[in-house]
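**Student:** Right, I'll just put the structure down here and ask away after.
Nothing in this text is a laboratory measurement; each read-out follows from the coordinates by a stated rule. Nothing here was measured: the structure is a model prediction, and the numbers come from that model. Methodologically, a virtual Cβ is constructed for each residue, glycine included, from the backbone with ideal geometry; neighbour enumeration extends over all protein chains shown.
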Amino acid sequence: MTAVRRSLAYGLAVIIGVLSTPVLAHEPILKCVLLDPATVRCRGGYAEGETAQGERLEVIDHADRRLLAGKLGKDGTLTFARPKGPYYVLFDVGPGHQAIVEHDEISLPRASDRARWVRK
């Protein structure tokens, strides 16, 4: 009896592992930088390296008012004027698939950052 239970438990673990792999493959990634003190650029993509061209990005203040809604361009970026008060950037690609960047996490890129999307 224990051998049967062990086989069932092992089989169930394998099935759960196989079914959860596609979910992890599309984990959204969002990074935002200041291009200058008045301009923010965000780049959305997925954990496996794909950009998220055409996906929606929203900028929301802390009173839950939408300040901006836009779609990511061909390079997976969206550039916008920096809001005056506290805000966050929401990259929502479906139930359970969100990435959020708070305004106080957004800063100028490091001098060593050579990615083209973080340059004006």
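**Student:** Considering only residues that are surrounded by 15 or more Cβ atoms within 10 Å (Cβ to Cβ) and closer than 18 Å to ALA38 by Cβ, which ones fall in region 68-82?
**Tutor:** LEU68, THR77, LEU78, PHE80, ARG82
**Student:** Checking the conditions here, which among ARG114, ARG110, ARG43 is on the phi < 0 side of the Ramachandran plot, part of a strand (DSSP E or B) and of a type in the set (Lys, Arg)?
**Tutor:** None of the others qualify; the one that does is ARG43.
**Student:** Related question: If you go through region 89-113 one residue at a time, how many are closer than 23 Å to GLU55 by Cα, loosely packed, with under 10 Cβ neighbours inside 10 Å and not small (Gly, Ala, Ser)?
**Tutor:** So the count comes out to 1.
**Student:** Moving on to the next point. Can you name the residue in region 23-59 that is over 11 Å from the mean Cα position of the chain (by Cα) and within 14 Å of GLN98 (Cα to Cα) and is also surrounded by the most Cβ atoms within 10 Å (Cβ to Cβ) among such residues?
**Tutor:** Of everything passing the filter in region 23-59, VAL59 is surrounded by the most Cβ atoms within 10 Å (Cβ to Cβ).
**Student:** Looking only at residues that are touching a residue at least 24 places away in the same chain (Cβ under 8 Å) and under 14 Å from GLU102 (Cα atoms) in region 60-76, which one is nearest to the chain's Cα centre (by Cα)?
**Tutor:** It comes out as ILE60.
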